[in-house]
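Let me begin by presenting the structure, written as structure tokens, before commenting on it.
Each value in this text was obtained by applying a stated rule to the coordinates, not by laboratory testing. Quick caveat, the model's predicted, so the values are computed rather than measured. No Cβ is skipped: glycine too gets one built from the backbone with ideal geometry, and neighbour counts run over all protein chains shown.
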Amino acid sequence: MGKKHFLTIASALFLGVGLLSAQNEGQQVKRDEVPMPTVHQDTLVKHVMELSSDTYRGRLAGTEGYDRAVRYVQRVLRRYGVEQLEEIPFMVECNEVENAKFNVYRPGDKERRIFSLGNEFCCAGVTGRGYVDAQMVFCGYGVDDKRFNEYKHVDVKGKIAIVLTGVPEGLGLPQSVASHYTTLRDKARTAEKHGAIGMLAVNVSPSCPSYEVQARTWCGELPHMATFPILQLTLDCAREIMADQVTPLDSAMARIERERTVQSFSLVKKAEIDVNARYNPAARTANVVGLLRGSDRHLAKEYVVVGASMDGSGMQGETCLFPGADINASGVAAVLETARLLSQADYRPRRSVLFVIFSGSEQQYAGSRAFVELYPQLKRAEAFVNVQNIGYGDSVAVMGGLKYPSLEALVLDRDTVAGRLNAVRGGEPKGLRGDARAFDAAKIPSVVITTTRGMHHNHTTTDVWENIDRRILTICSQLLTETVAELGEGLYQGRDRRWIK
């Protein structure tokens, strides 16, 4: 007797029972009445708590902390009955900051203002190691261009450059020029070219509170600047340093943007920086892949891929931990819970399901790109469902409709009970992002489940499990489970068969 089709049933915490309509290229298919499994909120939170604990030291790709997280995920998938667990190794750039000190003083003063690692500053992900003690020079956004040169009238030789992150559009620079100064490495190389021996980057990102330390793991292209320290200061930290100088920080920023004029100047104060970091240009890391073989003899040869990135921004010293509860322990928890539910005999999909936990997301999504290049079964993949950052925000966002409208429609069709996904169609761009881009490049229909306005704790030390919104985490996880179950039934065929060899 053939397996019955699924009926969507929403989370017992929030939802009632309704009939599910499945859309396959615009055609409606009536489903038999079989209850869908319901995600367990406590199980989801347990996984988030575990992966964001200091046991894994922020899960930086290429470190033992990330490898321990891999072993945890493997144990969970094995316990849930997922078959053929394997690791797909690849190499990433890895920089472990073992300790960092930063203080500021006026020449001749005995007292020094000692700043706290993890509270007022952190190191750039690819900071160089070393000790410097020198005068500071404010260099605006660190731009060196004939149309706007912030180094022209200041001397930074043997000094420490203070620069602002990003490049404002108001400077009127061509995109090709502005893009050159968007990463910390490019800014640091420019400062070093003018003789600077270190750099302080002031975080002016509107997505980060002025008091918050925020990590930047990927800081631009190689080569590595091995002996050039790069610290990242909170906005409040930089304001304090420049409060009693020639021009306070906020005044200098306002003049740059309002008048489009250079505001560079030398500070009276000096800074002492001491960074100890272990750099590895080719550290081993790995994706985790688990196969749940489909229950139908023919459809088992087709695959649905569900994945989430797991690596985070790591830990610096013993005081600066980036837990990564929302980014992206929340997504990993949802994948694990989907594996638990769909591996049960009553709910096993007819198609095979690949559960993938990616590394290298903080390295320009190197893990998903490596997976697409190295995993041969993907030629039979019908769809990829990516889940990321689902532990915080005010509503659910489903991305991918611009490229794959029928796949997005299938996901949105899960919203069958009283608009439970809230503003699922609004507030966020509809294009693909993150790990889904690699699958899209391989012509695999893809969709991303995430949240709107959920980046408040993006790569910060406050991305802890206590800040997770359990309700939205549960709703997104239920949506993921129902979507993968629906795709696993075999009705959706999104791939252009001409691409399959």
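Mind giving me the FRET efficiency for ASP244 and VAL204? R0 is 22 Å, r the Cβ-Cβ distance, nearest 0.05 is fine.
On the way: r = 20 Å, r/R0 = 0.92.
Once the sixth-power term is evaluated, E becomes 0.60.
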Exercise. Using a Förster distance of 25 Å, how high is the FRET efficiency between GLN377 and LEU85, based on the Cβ-Cβ distance and rounded to 0.05?
Worked result: 0.95
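Tell me, which longest segment in the chain has none of the chymotrypsin sites (Phe, Trp or Tyr not before Pro) that fall in DSSP loops with at most 16 further Cβ atoms within 10 Å? Present the calculation step by step, with values, prior to reporting the outcome.
On the way: sites that count: PHE14, TYR211.
Counting only loop sites that pass the neighbour cut-off, the longest clear stretch is 212-501.
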Exercise. Long-range amide H contacts for VAL143: which residues qualify at under 5 Å (H placed 1.01 Å from N, peptide plane, sequence gap of 5 or more or a different chain)?
Worked result: GLU150
Problem set entry | the stretch 101-163-the stretch 337-380 distance, computed between alpha-carbon centres (Å) | 44 Å
Seminar exercise, completed: Between ASN119 and ALA345, the two model label points (7 Å from Cα along the beta-carbon direction) sit apart by a distance in nm of 5.8 nm
Seminar exercise, completed: Only helices counted: for the chain, with every DSSP H run of 4 or more residues adding -39500 (n - 2.57) and the sum spread over all residues, [θ] at 222 nm is -7000 deg cm²/dmol
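Filter LYS110/LYS270; LYS157/LYS193; LYS152/LYS193; LYS146/LYS270; LYS301/LYS379; LYS152/LYS187 down to the pairs with a C-alpha to C-alpha distance above 21 Å, please.
Working: LYS110/LYS270 13 Å; LYS157/LYS193 9 Å; LYS152/LYS193 12 Å; LYS146/LYS270 29 Å; LYS301/LYS379 10 Å; LYS152/LYS187 15 Å.
Correct reply: LYS146/LYS270.
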Exercise. Taking the Cα-to-Cβ direction at HIS456 and at ASP394 and moving 7 Å from each Cα, how far apart do the two end points lie in nm?
Worked result: 1.0 nm
Exercise. So for the chain: antiparallel DSSP bridges make up what percent, rounded to the nearest 5?
Worked result: 65 percent
For this session: Per residue, how big is the convex hull around the C-alpha atoms of the stretch 95-278? Give it to me in cubic angstrom, could you?
Result: 109 Å³
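Contour minus end-to-end for LEU402 and ARG278, with contour as 0.36 nm per residue of separation and end-to-end as the Cα-Cα distance?
Numbers: separation 124, 0.36 × 124 = 44.64 nm, distance 4.27 nm.
In short, 40.4 nm is gained.
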Problem set entry | Charge dipole (the chain, unit charges on Cβ, about Cα centre) - positive-most of ALA286, ALA333, ALA61 | ALA286
Problem set entry | Where the Cα pairs of the chain fall when distances are cut into 20 Å bins, in % | 23, 49, 24, 4, 0
Problem set entry | Order of LEU267, LEU342 under a 10 Å beta carbon neighbour criterion, fewest first | LEU267, LEU342
For this session: Calculate one ³J(HN,Hα) per residue across the stretch 200-217 by plugging θ = phi - 60° into the Karplus curve 6.51 cos²θ - 1.76 cosθ + 1.60, and present them in order as whole Hz with x for glycine and proline.
Result: 10, 9, 8, 6, 10, 4, x, 7, 10, x, 5, 9, 9, 7, 10, 7, 10, 5
Seminar exercise, completed: Taking a crude spin-label model, label points 7 Å out from Cα along the C-beta direction, the TYR131 to ASN103 distance in nm is 1.3 nm
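Nearest 0.05, what FRET efficiency do THR319 and GLN175 give at R0 = 45 Å with Cβ-Cβ as r? Before the final figure, lay out each step's value.
Numbers: r = 39 Å, r/R0 = 0.87.
E(calc), rounded to 0.05, equals 0.70.
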